[in-house]
1. Would you tally the residues in segment 286-319 being within 15 Å of the ligand (Cβ to nearest atom) and either over 17 Å from the mean Cα position of the chain (by Cα) or in a loop (DSSP other than H, G, I, E, B) (or both)?
2. Anything in segment 307-322 that is touching a helix residue (DSSP H, G or I) at 6+ places or on another chain (Cβ under 6 Å), at negative phi and surrounded by 14 or more Cβ atoms within 10 Å (Cβ to Cβ)? List them, or say none.
3. Checking residue 257 against (1) outside any loop (DSSP other than H, G, I, E, B); (2) in contact with a helix residue (DSSP H, G or I) (Cβ under 6 Å, 6 or more places away or on another chain); (3) without any contact (Cβ under 8 Å) to a residue 24 or more places away in the chain, which single condition isn't satisfied?
4. Among (1) outside any helix (DSSP H, G or I); (2) within 11 Å of the ligand (Cβ to nearest atom); (3) buried (at least 20 other Cβ atoms within 10 Å of the Cβ), where does residue 283 come up short?
5. Residue 66 is checked against (1) more than 22 Å from residue 178 (Cβ to Cβ); (2) surrounded by fewer than 16 Cβ atoms within 10 Å (Cβ to Cβ); (3) at pLDDT 95 or above and fails just one. What number does that condition carry?
6. Return yes when residue 149 is closer than 30 Å to residue 218 by Cβ and at pLDDT below 95 and no when it is not.
7. Tell me, please, whether a residue that is under 20 Å from the mean Cα position of the chain (by Cα), more than 12 Å from the ligand (Cβ to nearest atom), in a helix (DSSP H, G or I) and over 13 Å from residue 269 (Cα atoms) can be found in segment 324-334.
8. Out of 177, 140, which single residue is touching a residue at least 12 places away in the same chain (Cβ under 8 Å) and away from the ligand (no atom under 16 Å from the Cβ)?
Ligand code: BG6
């Protein structure tokens, strides 16, 4: 087996399904680190990793030094070795991966986790994390005219930069991430942009995605905060806030239908794109005895998704039975609600999530 270089180490360990952080460096990173692992067929592998300890130590040391807050915010190797930020305070516990600037956990004190995570999620640099809040940008679904481009855009597949971490007097933590156009994004989408994502973690979770046009021509984009909510039993859950709107039913050839006056219940595979709606939604979750409010700003579309039985089975990173415990309610700008941005202009979309 070829030795791992320092850039491909994370993929390499994922291929062997080593869960949790890699073993700590035992000798200060001056030479190869040696450890072994057993794969799913029972084969034993012995590894010598020439660069890992010094590189990872440097990365975490820098992030810790610049951004950690004693007893509240720390950086660590999360699942698959991907870097995550762990927030623990008397108000709330939360986790955010740098990969995709992906919030994977949000739990106000005294509550059950608000966000759903799949136990089958992959944690790889080339895959989106399944659950939490993936950011879809700059397109939603397959890219028009380019079926080989990644589904839901590239933002959820890129490691975002941490710009700042702070704590308010009330104890809420705010983390700001950025993603900037580079060679890789330009091959998929020829636009000069900076995306800035603020994650406010307190009693409420406030997610603010700003996109700025840094080029000299206008561009258009789609975006979604593809939020997976945990529910006790999705067949008992319902979503209000969408009455009298129209939606495109992706389970029925994207036909346009009217929601009428009803709450949205989940009685079959559900994949609906509601356009021209800025209203807040409320998720009723009787099996958990709670309601979750989703307010939004700068968002004109809402998607409601549950894959139900067959689609769950077809997805490799989604447990066959897990659909009963989740529902996605996504604050977005899609289709005819997509955003057009002139040079220098900034667009902001926000979702605010709280137990009500
Ligand atoms: C939803 C889409 O938002 O995301 C669905 O409306 C899609 O059509 C789902 O299946 C999951 O997408 P992905 O790429 O994360 O598997």
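1. Final tally of qualifying residues: 15.
2. 307, 312, 318
3. All conditions are met except number (2).
4. Only one criterion is unmet by residue 283, namely (2).
5. Here residue 66 meets the rest and fails (1).
6. Details: closer than 30 Å to residue 218 by Cβ: yes; at pLDDT below 95: no.
Answer is no for this residue.
7. Scanning segment 324-334 turns up at least one residue that is under 20 Å from the mean Cα position of the chain (by Cα), more than 12 Å from the ligand (Cβ to nearest atom), in a helix (DSSP H, G or I) and over 13 Å from residue 269 (Cα atoms).
8. Just a single option satisfies the conditions, and that option is 177.
The values are calculated or read from the model by the stated rules, or taken from the named source; none is laboratory data. Given the structure is predicted, the values throughout are model-derived calculations rather than measurements. Cβ coordinates were reconstructed from backbone atoms using ideal geometry, including for glycine residues, and neighbour counts include every protein chain displayed.
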